[in-house]
1. Work out from phi, with θ = phi - 60° and the Karplus expression 6.51 cos²θ - 1.76 cosθ + 1.60, the ³J(HN,Hα) of each residue of region 97-103, listed in order in whole Hz, and give x for Gly and Pro.
2. Using only helices, what value at 222 nm comes out for the chain when you add -39,500 (n - 2.57) per DSSP H run of length 4 or more and divide by the total residues, to the nearest 500 deg cm²/dmol?
3. Cα-based count: Lys pairs in the chain below 17 Å, eight or more positions apart or different chains?
4. At a threshold of 8 angstrom on Cα-Cα distance, excluding pairs fewer than six apart, so keeping six or more, what relative contact order does region 1-129 reach in percent?
5. Residue by residue through region 38-48, what is 3J(HN,Hα) from phi via Karplus (6.51 cos²θ - 1.76 cosθ + 1.60, θ = phi - 60°)? Round to whole Hz and write x for glycine and proline.
6. What size of dipole, in debye to the nearest 20, comes out for region 7-139 about its Cα centre when the only charges are +1 on Lys and Arg C-beta atoms and -1 on Asp and Glu C-beta atoms?
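Bear in mind that the values in this text are calculations on the coordinates, not laboratory data. All values derive from a computational prediction rather than experimental measurement. All Cβ positions, even for glycine, are placed from backbone atoms using ideal geometry, and neighbour counts span all protein chains on display.
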Amino acid sequence: MWYGLYNPNGTNNTAELNALHHALLMAETAIAAGQTVQILCDSTYAINCVSKWAAGWERKGWRKTGGEIKNLGIIQAAYAVYTRIESQLQLTHVSAHVGTEGNELADRMAMFAVGSGSKDLRLYGEEIDIKAILRMRTG
């Protein structure tokens, strides 16, 4: 379990895109090692940015009708990884805050990052006690 990348000026969308970007990087490493990969993500915004909208924005010189593409740098970085591995990757939307254990654990790690202020991506170093982690602060 990972946490970090805390940005005091970030938004929920920034956090979701960063999480997806790093999940894609980890997926790329796993695929290179011959593993099968599925990423579960609760942000339709992040999924759509990377898997649907980015291709059109790239064709238009990273512009969109109606103005600025927010979070463009993160989207470009995530999209670059996505295009390299998309044929070997299953990217699936899951509902947030409905009790799906992995999604709930990701939420706790996000809140742990906020509480710690950790700007680096870090592996959770405490004992992996699922019940205790699920009792941690929620987002």
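1. Each residue's phi maps through the Karplus curve to give 6, 10, x, 5, 3, x, 5 Hz.
2. On the way: 6 runs with 67 residues, N = 139.
Computed ellipticity for the chain at 222 nm equals -14500 deg cm²/dmol.
3. Working: K52/K60; K52/K64; K52/K70; K60/K70.
Taking the Cα cut-off of 17 Å, the pair count is 4.
4. Details: 135 pairs, mean separation 61.9, N = 129.
Once normalised by length, the contact order is 48 percent.
5. Per-residue couplings from phi come out as 10, 10, 9, 9, 9, 10, 5, 4, 4, 4, 5 Hz.
6. Details: 13 positive and 13 negative charges, 108 e Å.
So the magnitude is around 520 debye.
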